[in-house]
1. Putting +1 on Lys and Arg Cβ atoms and -1 on Asp and Glu Cβ atoms, find which of MET1, SER17, GLN39 reaches farthest to the positive end of the dipole of the chain.
2. Label ASN34 and LEU60 with points 7 Å out from Cα along Cα→Cβ: what is the distance between them in nm?
3. Using helices alone, I'd like the mean residue ellipticity at 222 nm for the chain: each DSSP H run of four-plus residues gives -39500 (n - 2.57), total over residue count, nearest 500.
4. When the accessible area of the chain is split by element with a 1.4 Å probe, what percent falls to carbon and sulfur?
5. How much accessible area per residue does the chain have, in Å², with a 1.4 Å probe?
Amino acid sequence: MDLTARSKALVESLGPSASAQLFLRASVDGVTDNTHFSQYGATQIGGLLLQSIREQNLPLAAYLR
């Protein structure tokens, strides 16, 4: 499964403004970080992973809810 391609497609489909929510944009010290996912972003990427597992009908899919 190619999560790089899937996450790229997700970011591009959301556009610059909406995709910003996927990333840590500011920390307590004010440093912005567009390379690490926020909790929301991590959940979205996890969803892409689940979708890939189901689409490929991997044995692991039997254990997913």
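The values are calculated or read from the model by the stated rules, or taken from the named source; none is laboratory data. What you see is a predicted model, and the numbers here were worked out from it, not measured in a lab. Cβ coordinates were reconstructed from backbone atoms using ideal geometry, including for glycine residues, and neighbour counts include every protein chain displayed. Side chains included, ligands, DNA and RNA excluded: accessible areas come from the protein's heavy atoms. Shrake-Rupley method; radii C 1.70, N 1.55, O 1.52, S 1.80 Å.
1. MET1
2. Each label point lies 7 Å from its Cα, and together they span 3.0 nm.
3. The per-residue figure over the chain is -17500 deg cm²/dmol.
4. On the chain, the fraction of accessible area on carbon and sulfur atoms equals 58 percent.
5. I get 75 Å² per residue for the chain.
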